[in-house]
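One structure is given below, encoded as structure tokens.
Derivation of every value follows stated rules applied to the coordinates shown; laboratory data play no part. These numbers were taken from a predicted model, which means no experiment stands behind them. So basically every Cβ, Gly included, is an ideal-geometry build from the backbone, and we count neighbours across all protein chains shown.
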Amino acid sequence: MTSRPADETPDQRDELASEYVLGTLSAQQRTEVQQRLHDDAELRTAVDTWERRLLGMTELVEPQTPSSRLWQRIERSVNALNRQLPISAAEASSWWNLLPLWRGLAGAGLAATLLLGALMLTQTTVKPTYLVVLVAPQDKVPGWVIQASNPREIQLIPLGIAEVPADKALEFWTKAEGWQGPVSLGLVKPGQTLSVPLDKLPPLQPDQLFELTLENPNGSPIGKPTGPIQFIGRAVKVI
């Protein structure tokens, strides 16, 4: 049995549950979580909550039928994983392990979209009208997500805690087609969810650019990005 770390915070437990459900943990970490689930009621609750959040994302995409070759590869991978990592009866009944569900979501591009977009439901049950995944330009690793349930306000949601030098700050920018240049949406604290009103800007539009740059502690002195881009992405309308 793997016990809960004595210094684990609720936020750390929630992050661990999200990574477990999304399948981003290493094999060893996943095994440790599975062992904890037998006796850790709070971790089970966190995992169940994340599963429900992700299940709602299936309504935002049209079902896709994978090719027979792709599905055969998925089945081989699942069978191999089951032989290596036995699961409990409770886990086997989880929606995450239901093969019929994954038959409809197995397209590679769709699975990637679902994986990233699902994280945007961490703060609200209202279906967003726009989604943005902000990735690091160097390695394309997602760092933040943006969701908007109306065209006048957005939520910036961290996927982790970005490392920012003590003498620098993250500044949030946006730019849509036809604008003369990017507009600052303010400074952002690493690891903090931020609601940003867009009442002084034109309504959101598809393909609108969003980015986070590294600036001086008080922000860019010229009203335009001056530092390197840390995360960048474009808006996609989902409903």
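Among 178-187, 212-221, how do they line up from the highest to the lowest mean number of other beta-carbon atoms within 10 Å?
Details: 178-187: 13.5, 212-221: 16.4.
Averaged packing, sorted descending, gives the order 212-221, 178-187.
In this label model, residue 8 and residue 39 are separated by 1.2 nm, measuring between points 7 Å along each Cα→Cβ vector.
Counting only lysines at least 8 places from residue 189 when in the same chain, those with an alpha carbon closer than 26 Å to its own are 127, 140, 168, 175, 200, 224. Working from label points 7 Å from Cα in the Cα-to-Cβ sense, the residue 152 to residue 167 distance is 4.3 nm.
In terms of packing, defined here as the mean over residues of other Cβ atoms within 10 angstrom, the peptides 9-17, 193-201 line up highest first as 9-17, 193-201. Region 130-237 gives an Rg/Rh value of 0.93, both radii derived from C-alpha positions and Rh following Kirkwood.
Within a Cβ distance under 11 Å of residue 206, other residues only, what is the Lys/Arg minus Asp/Glu net charge? It would help to have the intermediate numbers written out before the result.
On the way: positive: 234, 237; negative: 177, 207.
So the surrounding residues net to 0.
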